[in-house]
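A.B. asks: Got a structure for you, questions after.
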Amino acid sequence: MRSNKRVIVALDVETSSEALELVSDLRDEAAAFKIGLQLFTAAGPDLVRNIATENQVFLDLKFHDIPNTVAKAGVEAARLGVWMFNVHVAGGSEMMRKTVADVTDFCSRENRRRPLILGVTVLTSSDANTLAEIGIERSTDAQVIDLANLASDCGLDGVVASPAEAARIRAAVDNKEFLIVTPGVRPKFATNDDQKRVTTPRQAILEGSDYLVIGRPILQAKDRVAELRTIREEIESAENG
Ligand code: C5P
């Protein structure tokens, strides 16, 4: 893992110009920039292509559809030049295997680096009641671990998970290179916003996270660069034990 450059900044803003300003301020300190449903719906693929030219982009659109459609969307994400994108593991093994195969094929034909493909197990906004509503009568923990293993078996590179689940996923999945990307991280001095189970950057690293997705604590800071530097120092101290 590269130094302490492990923060993926969530570009949760409304317009391209706000996003581009953030990218230009933070590009030296961030590992990557995450473009999610809000910004993608507002600004579209041109912005993704633009930011991806000189930065690592995590396209967080959580694809969930039939195998052919998700695989084709994955190929388009690769064509945009993103570094990472994600799919819902609940879409099943055929969908995940086809996506990995088609994207790998496309990238080797085009001589490009294949994007990392992550799985979403159970959304952190879901609990046992949410699962019961859709007919899943087991703990979220058991569901998360089984879906993480399924993602790994299908050749995905990692999962998005709550920091509270990271250590158990790390222990359960055989592939030791499996990436764990965790949102819900709050430096000690920040408010929790609507994140219910929060972890500090230090704890998240100690639990086994590879990358931390952080939005509002950075976006709403008076000095965003200073905020991100403070977070990186905390990560570095966790890396050094
Ligand atoms: O502002 P905040 O740091 O809470 O932003 C976290 C980001 O991570 C948001 O873009 C949110 O959509 C995303 N995310 C999350 N929980 C998940 C998956 C993604 O908070 N389980």
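The values are calculated or read from the model by the stated rules, or taken from the named source; none is laboratory data. Remember, predicted model here, so these are calculated numbers, not experimental data. Note: ideal-geometry Cβ built from the backbone for every residue, glycine included; neighbour counts use all protein chains shown. Just the protein is used for accessible areas: all its heavy atoms, side chains included, with ligands, DNA and RNA removed. Shrake-Rupley method; radii C 1.70, N 1.55, O 1.52, S 1.80 Å.
A.B. asks: State the Kirkwood hydrodynamic radius of the range 1-46 in Å, one decimal place, computed from all pairs of distinct Cα atoms.
C.D. replies: Kirkwood hydrodynamic radius for the range 1-46: 11.1 Å.
A.B. asks: So for 188, 34, 62, what's the accessible-area order with a 1.4 Å probe, most first? Don't jump to the answer; show the numbers that get you there.
C.D. replies: Numbers: 188 160, 34 25, 62 60 Å².
Output order, biggest surface exposure first: 188, 62, 34.
A.B. asks: For the range 122-219, run through the chymotrypsin sites (Phe, Trp or Tyr not before Pro) and keep only the ones in DSSP coil with at most 15 other Cβ atoms within 10 Å of their Cβ.
C.D. replies: 189
A.B. asks: Further question: For the range 176-231 and the range 1-79, write down the distance between their C-alpha centroids in whole Å.
C.D. replies: 18
A.B. asks: Assuming 0.36 nm per residue, please report the length gained on full extension of the stretch residue 15 to residue 132 beyond their Cα-Cα distance.
C.D. replies: 38.4 nm
A.B. asks: While we're looking at this one, here's another question. Given the Cα-Cα distance of residue 93 and residue 110 and 0.36 nm per residue of separation, how much length would full extension add, in nm?
C.D. replies: Between residue 93 and residue 110, full extension yields 3.6 nm more.
A.B. asks: Give the carbon-plus-sulfur fraction of the accessible surface of the range 3-239 in %, rounded to a whole number; probe 1.4 Å, heavy atoms of protein chains only.
C.D. replies: In the range 3-239, the share of accessible area belonging to carbon and sulfur is 46 percent.
A.B. asks: Express the Stokes-Einstein translational diffusion coefficient of the range 132-224 in µm² s⁻¹, to the nearest whole number, given a Kirkwood radius over alpha-carbon pairs, 37 °C and a viscosity of 0.692 mPa s.
C.D. replies: Using the Kirkwood radius from Cα pairs, D works out to 230 µm²/s.
A.B. asks: Please identify every one of the chymotrypsin sites (Phe, Trp or Tyr not before Pro) in the range 60-158 that sits in a loop by DSSP and has no more than 16 other beta carbons within 10 Å of its own beta carbon. Can you show the working numbers first?
C.D. replies: Details: sites: 63, 83, 85, 106; in loops: 83.
Taking the range 60-158 and a limit of 16 other Cβ atoms within 10 Å, no loop chymotrypsin sites (Phe, Trp or Tyr not before Pro) are found.
A.B. asks: Can you tell me which of 39-45, 156-162, 75-81, 219-225 comes out highest on packing, and rank the rest after it, using the mean Cβ neighbours within 10 Å? The partial results should precede the final answer.
C.D. replies: Values: 39-45: 15.9, 156-162: 24.4, 75-81: 19.0, 219-225: 13.1.
The packing order, highest mean first, is 156-162, 75-81, 39-45, 219-225.
A.B. asks: Continuing with the same structure: Counting only pairs 8 or more residues apart or on different chains, how many lysine pairs in the chain have their Cα atoms under 27 Å apart?
C.D. replies: For the chain, qualifying lysine pairs total 22.
A.B. asks: Something else: In whole percent, what relative contact order does the range 80-138 give with Cα contacts below 8 Å and a gap of six or more residues?
C.D. replies: Contact order relative to length: 42 percent.
A.B. asks: If all Cα-Cα distances of the chain are sorted into 5 Å bins from 0 onward, what percent lands in each bin, rounded to whole numbers?
C.D. replies: 1, 7, 14, 18, 20, 18, 13, 7, 2, 0
A.B. asks: Leaving out ligands and nucleic acids, note down the accessible area per residue over the range 3-239 with a 1.4 angstrom probe, in whole Å².
C.D. replies: Numbers: 11060 Å² over 237 residues.
Accessible surface, normalised per residue, equals 47 Å².
A.B. asks: Let me ask something else. At 7 Å along the Cα-to-beta-carbon direction for both residue 65 and residue 79, put a label point, then send me their distance in nm to one decimal.
C.D. replies: 1.3
A.B. asks: Can you give the calculated 222 nm mean residue ellipticity of the chain, where each DSSP H run of n ≥ 4 adds -39,500 (n - 2.57) and the sum is split over every residue, rounded to the nearest 500 deg cm²/dmol?
C.D. replies: -15000 deg cm²/dmol
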